[in-house]
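Here is the structure we will look at.
The values are calculated or read from the model by the stated rules, or taken from the named source; none is laboratory data. From a predicted model like this one, the values you see are computed outputs, not experimental measurements. For neighbour counting, all protein chains shown are included, and Cβ atoms are generated from backbone atoms with ideal geometry for every residue, glycine included.
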Amino acid sequence: MIRTGFLLPSIVFAAWFAVGAAAAPIAYDGFDYAPGPLVGESGGTGDWKSSWSGDSDVEVLTGGMSYVDSKGNSMSVTGNRIGLTSGSITKKAERQLNDKVGSATETVWASFLLDGSSGSAVNNVSLGDGLFVGQGGKDSGSTNILLSDQDGLVADTGVSAATQLFLVVRIDFQAGDEDVWLWTDPDLDAEPDTGTAIASGTLKDFETDFVRAQLSNTAGAIDELRFGFGWFDVLQESPEPVTALLVGLGLIGLSAHSRRRRVGGS
């Protein structure tokens with residue numbers, strides 16, 4: 001005979017462990033800091049080695065960004081966003097990781113929210129100097145969302161940067177050059193097939209231990225920076241799958257407990 005009182009907590013713990021273990025980003029920063037210069041801030045979670053460094057013009061701005069997919073699933077977000085309060089020259093902020101990305105044969109995912117600008121500009125995120133994702137590239141601006149490596153343009157998505165977008169990139173690191181895919185505003189509930197990527201290409205072989213944000217005007221902003229080894233490591237739906245599961249199992253448990261009380265007369 002299966003004892004419901006024993007089985008239910010076991011299921012709940014197993015479910016919590018399985019989902020919790022899956023959502024383990026390499027590093028995350030939602031820019032949950034007070035408004036002002038980003039340099040010197042060291043929040044977030046994961047494999048960060050140091051605080052943010054670079055140009056003091058890159059600032060934490062009041063109000064975070066959010067994302068809801070085509071099915072109504074929403075990302076869980078925290079904090080504010082980063083951007084510039086003045087100027088039209090590209091400014092940079094960098095943060096080091098404890099471990100190198102791309103030093104082994106592995107798949108790495110990255111995601112972030114980007115608010116681009118009209119006209120040619122540089123508003124993007126890069127993994128060192130090996131991969132640039134967003135508006136413009138390493139040294140040159142664009143009106144569109146681009147994929148670039150250390151040698152220049154890999155793919156122009158043709159998507160205008162003059163809007164808020166959720167960008168997700170997958171990099172397959174291997175011996176020699178790396179393969180990359182980019183999605184804009186994907187649904188959150190399942191890992192997308194590479195065939196649905198809006199752009200893809202080959203990156204010149206690289207590895208890096210730092211992340212860089214580049215911004216060139218007051219219209220650009222970046223938020224919800226995530227890196228991980230799997231699709232669900234770089235996004236978080238709301239409500240979280242484990243929360244919904246625990247609530248459901250909790251209701252089942254309450255129902256079973258109520259039935260036992262009625263049958264037992266106590």
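A few remarks follow.
- Residues (hydrophobic (A, V, I, L, M, F, W, C) and in contact with a Phe, Trp or Tyr (Cβ under 6 Å, 6 or more places away or on another chain)) located in the range 168-197: VAL168, ALA197
- The residues in the range 143-164 that are closer than 16 Å to LEU215 by Cα and surrounded by fewer than 23 Cβ atoms within 10 Å (Cβ to Cβ) can be counted, and the count is 5.
- Residue in the range 57-68 that is surrounded by fewer than 20 Cβ atoms within 10 Å (Cβ to Cβ), outside any strand (DSSP E or B) and modelled with pLDDT under 95 present: no
- Residue-level check: of (1) farther than 20 Å from TYR28 by Cα; (2) surrounded by 14 or more Cβ atoms within 10 Å (Cβ to Cβ); (3) among the charged types (D, E, K, R), ASP185 misses just (1).
Yes/no per residue for (1) touching a Lys or Arg at 6+ places or on another chain (Cβ under 6 Å); (2) surrounded by fewer than 18 Cβ atoms within 10 Å (Cβ to Cβ); (3) under 18 Å from TYR28 (Cβ atoms); (4) modelled with pLDDT under 95:
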residue: ASP172; (1), (2), (3), (4): no, yes, no, no
residue: ASP223; (1), (2), (3), (4): yes, no, yes, no
residue: PRO241; (1), (2), (3), (4): no, yes, yes, yes
residue: GLY248; (1), (2), (3), (4): no, yes, no, yes
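- Scan of the range 101-132 for residues that are of a type in the set (A, V, I, L, M, F, W, C), surrounded by fewer than 24 Cβ atoms within 10 Å (Cβ to Cβ) and over 18 Å from THR143 (Cα atoms), ordered by number: ALA104, VAL108, TRP109
- Elements of type strands (runs of 3 or more DSSP E) in the range 81-172, at least 2 residues being among the small types (Gly, Ala, Ser) and touching a residue at least 60 places away in the same chain (Cβ under 8 Å): 106-115
- Checking SER120, SER148 one by one, the residue that is touching a strand residue (DSSP E or B) at 6+ places or on another chain (Cβ under 9 Å), closer than 26 Å to GLY44 by Cβ and either modelled with pLDDT of 95 or more or not aliphatic (A, V, I, L, M) (or both) is SER148 and no other.
- The single condition among (1) crowded, with 16+ Cβ neighbours inside 10 Å; (2) at pLDDT 95 or above that VAL77 does not satisfy is (2).
- Counting residues in the range 203-212 that are surrounded by 15 or more Cβ atoms within 10 Å (Cβ to Cβ), at pLDDT below 95 and over 20 Å from the mean Cα position of the chain (by Cα) gives zero.
- Residue in the range 42-54 that is part of a loop (DSSP other than H, G, I, E, B), within 18 Å of the chain's Cα centre (by Cα), modelled with pLDDT of 95 or more and surrounded by fewer than 13 Cβ atoms within 10 Å (Cβ to Cβ) present: yes
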